[in-house]
Amino acid sequence: MQGVLSDIVVNGIGIAAAPWCVIGVILILSSAGGLRKSVAFLLGAATAMTVIFAVCSALVGHLEVTSGGSASSGVEWAKLGTGLGLLAFGLWRLRKPPAPAGSPRWLTLLDRLNVPEAFAIGLVMPNPIFAAAGSLQIVRAGVAPAAEAAYLIVFIVISLSTMLVPVGLYATRPTTTAARLATWKAWLAANSGMILTVLLVGYGALISVQALLALY
C-alpha cells in the first residue's frame, strides 16, 4: 500500500509540475469571469484523469499486470521518449533568434474563453503518460473498489495541486489575488517566448530523468 502511495505521489508531482497547467490557470483566472472558467478548467482536468484511469482499468485490469512489469515499462519508455522530445524542442528553440516583443496571440484567445471552452482545455492539461502511469499503479494494487476510488482521488488532488492553490486563493481573497495575477499575466506576456523555451528544457529533462530512474 505504501508503494502505491509513493508511486502515485511521484506521478502526481510529474503532472503538477507541468508548466502549462500553472500558466493556464493563472491566465484563465485573470480573464473576465475567471473563477467560473477556472473551476470548469479544473473539472476538465479531473475528468480527463478519471477517464484515463477507467481506460487503464478496462484494458489491463483483467490481465495479470501484477505478475509482470511490461505495461509499466512501456509507460516509462513513453515518458522517456516524451521527455527527450521536449528537451530537443527546447534546445532547438534556444538556437532561434528571439521573436519581437509583444503580447502573443494565444493570450488574447484565452481572454475570450467561455466556460465550456475552459472545460475542454482542461481535458488536455494533465500529462496523459504520467496519468496512465499512476493509474496503472492503482490497478496493479488489486485493492477493493472503495480503496481504488480513494487512491484515485488522492492522485487527482496531488496532480492538480498547482492549479487548485491559485483558484483557492482567488476564491477566498479575490482582490489581493487579482492584483497579483494581473502582474504575473503582464510578465508572462512580455516574456512568453523565453519562458516556453526554459520550461521545455526543464520539464523535458525532469521527465527523462524520472523515466530513466524507473527503468534502471
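Nothing in this text is a laboratory measurement; each read-out follows from the coordinates by a stated rule. Treat the numbers as computed from the prediction; the structure is a model and nothing was measured. Ideal geometry is used to build each Cβ from the backbone, glycine not excepted, and the neighbour counts take in all protein chains shown.
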Handout entry: Fewest-first ranking of Phe119, Phe53, using other Cβ atoms within 10 Å as the exposure measure
Key = Phe119, Phe53
Fill in the blank from the handout: Trp20 and Thr183 label points (each 7 Å along its Cα→Cβ direction) are spaced in nm at 2.8 nm
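Would you order Lys37, Lys185 from fewest to most other beta-carbon atoms within 10 Å of each residue's own beta-carbon?
Values: Lys37 24, Lys185 20.
Ranked by crowding around the Cβ, least crowded first: Lys185, Lys37.
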Problem - Reach of Lys79 by Cα under 27 Å, taken over lysines that are not fewer than 8 positions away in the same chain - result: Lys96
Exercise for the section: Express in nm, to one decimal, how much length is gained between Phe89 and Leu123 on full extension, taking 0.36 nm for each residue of separation and deducting their alpha carbon distance. Expected result: 9.9 nm
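Report the gain in length on full extension from Ile195 to Val55: 0.36 nm times residue separation, minus Cα-Cα distance, nm rounded to one decimal. Write down the numbers at each step before the final one.
Working: separation 140, 0.36 × 140 = 50.40 nm, distance 3.38 nm.
So the extension gain works out to 47.0 nm.
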Handout entry: Centre separation in Å (Cα based) which lies between the range 33-59 and the range 187-216
Key = 23 Å
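With a Förster radius of 41 Å, plug the Cβ-Cβ distance of Ala146 and Ala205 into 1/(1 + (r/R0)^6) and report the FRET value to the nearest 0.05. Before the final figure, lay out the partial values.
Numbers: r = 38 Å, r/R0 = 0.93.
Computed FRET efficiency for Ala146 and Ala205: 0.60.
What FRET efficiency do you get for Ser73 and Arg112 if R0 is 30 Å and r is their Cβ-Cβ distance, rounded to the nearest 0.05? Walk me through the numbers on the way to the answer.
Values: r = 43 Å, r/R0 = 1.44.
About 0.10, to the nearest 0.05.
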Problem - Segment Ala32-Lys96, extension gain: residue separation times 0.36 nm, minus the distance between their alpha carbons - result: 19.6 nm
Problem - Cα-based reach from Lys37 at 28 Å (exclusive), listing lysines while leaving out same-chain residues under 8 positions away - result: Lys185
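Can you classify the range 2-215 as rounded, prolate or oblate using the Cα gyration tensor, where a ≥ b ≥ c are the square roots of its eigenvalues, rounded means a/c under 1.5, and otherwise it's prolate if a/b beats b/c and oblate if not?
Values: a/c = 2.49, a/b = 1.43, b/c = 1.74.
The shape class here is oblate.
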